[in-house]
Amino acid sequence: MSPRMPNPSLVVPDVLPPMRALVKAVNNVGVPLQTLVLIHLRVSQINGRPVQIPVKQREFEEAGEEDHRLPLVETWREQTCFTDAERSVLALAEAATRINDRVDPVSDEVWNEAAKHWNEVELGAVVLHIGLVNLWNRVNVATKQEPVDWRINPKKWTPMTSRLTTAVR
């Protein structure tokens with residue numbers, strides 16, 4: 001499958017810098033990056049956006065990935081390896097992504113549980129992160145962008161912007 005076009009964030013002038021600024025702001029409020037990765041993975045799974053993650057020990061080592069729980073995110077409710085704080089935002093991520101499933105998608109129960117573990121700024125960052133992942137999923141699905149592959153060693157990873165800007169020239 002080849003993309004229908006380069007990523008729209010690279011095609012529409014002046015879009016990428018504010019999107020990057022949003023991501024940077026979300027990443028700088030104190031929510032652990034590991035937690036944001038769990039949210040990203042779960043939202044992408046719900047949206048049917050394939051994400052290649054390490055499964056075998058060797059793949060984790062090659063990718064430089066330290067969180068061996070990634071393959072368990074889809075079944076987080078049955079697992080004991082996620083903290084209560086992580087569980088609260090995984091539940092929030094599911095509820096805020098599946099907004100067509102019920103009249104009140106993000107129930108007070110889901111919200112209040114997350115609010116027990118995160119202050120207002122952190123919770124705001126989590127909500128924005130969920131929205132951004134949903135946005136990127138939809139943009140990438142509509143334009144048939146390459147799926148994210150966690151198995152690529154970050155040291156060898158070419159950022160999407162560099163890859164696609166070269167392709168656009």
Which numbered condition residue 14 fails, given (1) modelled with pLDDT of 90 or more; (2) charged (D, E, K, R); (3) under 21 Å from residue 141 (Cβ atoms): (3)
Looking for something under 26 Å from residue 7 (Cα atoms) and among the basic types (Lys, Arg) - is there at least one such residue anywhere in region 93-114? yes
The correct count of residues that are modelled with pLDDT of 90 or more and of a type in the set (Val, Ile, Thr) in region 24-69 is 7
Given the conditions (1) at pLDDT below 95; (2) open to solvent by less than 70 Å² (accessible area, probe 1.4 Å); (3) over 17 Å from the mean Cα position of the chain (by Cα); (4) not β-branched (Val, Ile, Thr), every one holds for residue 150 apart from (3)
All positions within region 12-38 that are open to solvent by less than 70 Å² (accessible area, probe 1.4 Å), of a type in the set (A, V, I, L, M) and assigned to a helix (DSSP H, G or I): 16, 19, 21, 23, 25, 26, 36, 37, 38
Which count do you get for residues in region 26-40 that are under 12 Å from residue 90 (Cα atoms) and hydrophobic (A, V, I, L, M, F, W, C)? 4
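Return the residues of region 74-104 that are open to solvent by 30 Å² or more (accessible area, probe 1.4 Å) and assigned to a loop (DSSP other than H, G, I, E, B); say none if nothing qualifies.
We begin by selecting, within region 74-104, every residue open to solvent by 30 Å² or more (accessible area, probe 1.4 Å); these are 74-75, 77-81, 83-84, 87, 96, 98-104.
If the condition is that a residue be open to solvent by 30 Å² or more (accessible area, probe 1.4 Å) and assigned to a loop (DSSP other than H, G, I, E, B), then 79, 80, 81, 83, 98, 99, 100, 101, 102, 103, 104 are the ones that fit.
The values are calculated or read from the model by the stated rules, or taken from the named source; none is laboratory data. This is a predicted model, so every value here is computed, not measured. Heads up, the Cβs are rebuilt from the backbone with ideal geometry, glycines too, and the neighbour counts pull from every protein chain shown. All accessible areas refer to the heavy atoms of the entire protein, side chains included, with ligands and DNA or RNA removed. Shrake-Rupley method; radii C 1.70, N 1.55, O 1.52, S 1.80 Å.
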